Each structure stands twice: as structure tokens, then as C-alpha cells.
1. Quick check on my filter: what residues within region 192-205 are crowded, with 19+ Cβ neighbours inside 10 Å and part of a loop (DSSP other than H, G, I, E, B)?
2. Do we find a residue being free of Cβ contacts under 8 Å to residues at least 24 places away in the same chain, closer than 27 Å to I223 by Cβ and outside the structural domain of K53 (by TED's automatic domain parsing) anywhere in region 271-287?
3. Quickly run through region 271-308 and pick out the residues that are part of a loop (DSSP other than H, G, I, E, B) and surrounded by fewer than 18 Cβ atoms within 10 Å (Cβ to Cβ).
4. Among the numbered conditions (1) modelled with pLDDT under 90; (2) not assigned by TED's automatic domain parsing to the domain that holds K231, tell me where L118 comes up short.
5. Taking the stated definitions as given, is D237 modelled with pLDDT of 95 or more, of a type outside the set (A, V, I, L, M) and either buried (at least 18 other Cβ atoms within 10 Å of the Cβ) or in contact with a Leu (Cβ under 9 Å, 6 or more places away or on another chain) (or both)?
6. Just a yes or no: is a residue in region 362-371 in contact with a helix residue (DSSP H, G or I) (Cβ under 9 Å, 6 or more places away or on another chain), outside the structural domain of K12 (by TED's automatic domain parsing) and touching a residue at least 40 places away in the same chain (Cβ under 8 Å)?
7. With respect to P88, determine if the residue is free of Cβ contacts under 8 Å to residues at least 40 places away in the same chain and out of contact with any helix residue (DSSP H, G or I) (no Cβ under 6 Å at 6 or more places or on another chain).
8. Considering only region 5-57, how many residues are in a strand (DSSP E or B), under 21 Å from L75 (Cα atoms) and touching a residue at least 40 places away in the same chain (Cβ under 8 Å)?
Amino acid sequence: MKIGVISLGCAKNLVDTENLLGRLKAGGAELVKDPKKADIILINTCGFIEPAKVEAIQTILEFADRKKVIVMGCLVQRYKEELQKEIPEVMAYFGTESWEDIADFLGLRRAKESQRILTTPKSYAYLKISEGCNRLCSFCAIPLIRGKHRSRPIEDIVREAEYLASQGVKELCIVSQDTTYYGRDLYGKSYLVKLLRELEKVEGVRWIRLLYLYPTEVEQELIDYIASSEKTLPYFDIPLQHISSKVLKSMRRGYDESFVRRLIENIRKTLPHAVLRTTFIVGYPEEKEEDYEKLRNFVLEGHFHWLGVFPYYMEEGTHAYELGDPVGEEEKNRRKEELLSLQEDITTKKNEELLSKEFELLVDGFDEEFGFVPVGRLWLQAPEVDGRTYLETEREVRAGDVLRVKITQVGGYDLGAVEHAL
């Protein structure tokens, strides 16, 4: 049985896909990269916001008339009955974390155990430490899709990290719906620092990167630990969503502008060289022009090296759904593009400060468009969402290599570097 798997959505969804691939292979399936060569196409969907839903449905329709298709994931978890009615051509629909049910449906043999099959470059992998979310943010459907927060035991996570390291992975990117909440359900309090201490013992791991930190849970213990750590990077991915206290209150985020400013000041005080990434939502129903201007001015203050901006999308079942959608799509997109343009200038200036400085570079692979130029990342560049660093070197390098480089060029978000002798 030849099976092709298509993964849509976030890094957390990708981990699910990689676990599914491992289970399918352990059950005797033959995995193929080219969907044209597959007997069955399995699509892991995202259902977080409207564009993700549209992408998922378009992908299903692209293959449903020509191939046997199985659909799983977040979109199915939320809209299974509607999908069955509207796209009956699909063989079967499964929700999240359903790889065992899928294996049984396909008649694959029972497997005592299986290992993830990595689809990322050899240099890094995502490590999911929990599932679900206990937050009540007004705009977010994740708790409706993924359920309550469920932490994985430390020993299970460390065992998986050891496996990833054995595959040559140098960087662990820690992901979950709410990374800073880790352990509260299992151990009665946050165990994130304890988990990091154990992960740092894993031989072969060079970098540990924390993603999805909830602002109110970025406590001093964590900041101090990162400041003293040799492996956990001073990279803070903290989705703030807005800076207007009025909007944040309506979003049910549990903090206000003064809290955000104290948090940033505290991180900078402890770690002056820390890199901050955040995301903002524009066009939220309660966002008036003065709230957007406050957000715009906050971005111009230059606190962040990396910034994501999303227009607001109404989501059924969320608290904000009842507020309507008064800000037009054109205005939402104007605000989004303006913030991204402002941030590009800020990031360029921050990158220019790196010129002639030396860093470690983790090689991810090669850019075919530029003649197989080696490309990788500095510690301040997260995979997929941040800029990349292009390497000039006279010797052969491989994905997963860690090199000493000097920054020589800046091209907006991206950098150029030459290998520097140790």
C-alpha cells in the first residue's frame, strides 16, 4: 500500500504528521513523497483560522476526485459532520491524534512501537511537550479543537529528545499550544525549567529554542535560567496579540499594557542581548483607530526583532464571535501591511548591527535557487518563521554542521556570512 501524506498548518500539526508517518511505516505501509505515485492520499488539516480552512478544503478537493483520500486533523475535529456531508468522496475522516485509528482503518498490522519520521531538515526538529490549552482568549478556537491542556511526562519527552539527537538533530524547537503552562496539570506547578534541565543533558543537542510562551507565565525563574543556560537560547517567542489595554481586556488575555512593558523591561534587564518575537492581531472588533495607532507606535519603539501580524477572523463558538466583525477586510489588510513594513525596517536595522560580528551557524541545507548555496540560521533565527543566513565557504558542508561565521551582508530579513576560522 503506497501512501502519500500532506501536512498543513503549524509546527505542532507537523509533529502529529511525523508521528503518523512513523506509525504507518511500522504497520507495513510504503510511504511516497509524490502524491501521483500514491494509492491513498492522507491529508492532515488545520482549522485554526479562515485561510487555513480554505487551504485545507482546496487541498482535499484537489485530490478527492482523482485519488482515495483520508482526511484527519483540526478541521475534521471541528467540522466532521459538515465535511462528510459536503465532500462525501473522501474515504474517511478522523480527528486529531488518531494515527492508531487510521492504521486500523487501513488494515495495517499492529505495531508494538513506532518512531517519528522527520520531515524537517536534519539540523532541527520540533518537540511537542503538551497538547491542548486552558486559556479562554476571546478570539481563539484552539481549546474547542484540541481540548484542555495535557502535559507529557518529562521522561517521555526526554526519551523522544534522545531519539531525535540520535538522528543527528542539533536544535530542539519546543512547541505546544501553551509552552509556559507545562507541568501544571501533571505536577501541580510549572515544570518547564525542570524539563529544560533534563533536555540539556541530552548528548548531541546544541540548541534548545522555546516557542509559544504565554506572557503572564514568563516568570523570573525562567528568564534567569535562560540567562545562565548553555543550550536554551535567549530567544523569547511571546505572542502579545495587542498593546491596547482595552483591546487586551476584550481579548481576555489577562494582562494590560503596563504588564507588557514591565515584562519586556525585565527581560532586557536580565538579558540585554535577548531576541524577542511576537504576533499581533489587527482589526479585532474592539480595535478602534486610536487602539491601532497605539499598537503602531508600540511597534515603532523597536522592541522586537521578528514580528507576525494577522488580521482578525471570526471563529464560531468563541467569545468574540458575538462582537461581530465591524472592521472591513481592506482596512484590516492595510493595518497588517503597514505594521509588517514598519517591522521590516526595524529588523533590517537590527540585522545591520550584526555586521562583522561572529556567530555559530547551524546549516539547514542548500538553496537551489541560488546555485545550491549553503543556508542556515544563527541562534536568533527560528526555523521557517524568521530570516535565514546564506553562507560563503570554500569547503563542503552538510546539513547539521555547526560553523563559526562572520556576518558580511544584510538583505532585509536575511543575512550573508563567510566561514571564519576557529
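The values are calculated or read from the model by the stated rules, or taken from the named source; none is laboratory data. All values derive from a computational prediction rather than experimental measurement. Reconstructed Cβ throughout: ideal geometry from the backbone, glycine too, with neighbour counts over all protein chains shown.
1. If the condition is that a residue be crowded, with 19+ Cβ neighbours inside 10 Å and part of a loop (DSSP other than H, G, I, E, B), then V202, V205 are the ones that fit.
2. As a first pass, look at region 271-287 and keep what is free of Cβ contacts under 8 Å to residues at least 24 places away in the same chain: 272.
Remaining after also requiring closer than 27 Å to I223 by Cβ: 272.
Among the residues that remain, those that are also outside the structural domain of K53 (by TED's automatic domain parsing) are: 272.
Scanning region 271-287, I find at least one residue that is free of Cβ contacts under 8 Å to residues at least 24 places away in the same chain, closer than 27 Å to I223 by Cβ and outside the structural domain of K53 (by TED's automatic domain parsing), so the answer is yes.
3. So the first thing to find is which residues in region 271-308 are part of a loop (DSSP other than H, G, I, E, B), and the list is 271-274, 283-288, 301-305.
Correct list: L271, P272, H273, K288, E301, G302.
4. (1)
5. Yes; evaluated as a whole, the condition is true for this residue.
6. Residues of region 362-371 in contact with a helix residue (DSSP H, G or I) (Cβ under 9 Å, 6 or more places away or on another chain): none.
Checked against the condition, which is being in contact with a helix residue (DSSP H, G or I) (Cβ under 9 Å, 6 or more places away or on another chain), outside the structural domain of K12 (by TED's automatic domain parsing) and touching a residue at least 40 places away in the same chain (Cβ under 8 Å), region 362-371 yields no hits at all.
7. yes
8. So in region 5-57, the residues in a strand (DSSP E or B) come out as 5-7, 30-31, 40-45.
Restricting the remaining residues to those that are under 21 Å from L75 (Cα atoms) gives 5-7, 40-45.
Subset that is touching a residue at least 40 places away in the same chain (Cβ under 8 Å): 6-7, 40, 42.
Total meeting the criteria: 4.
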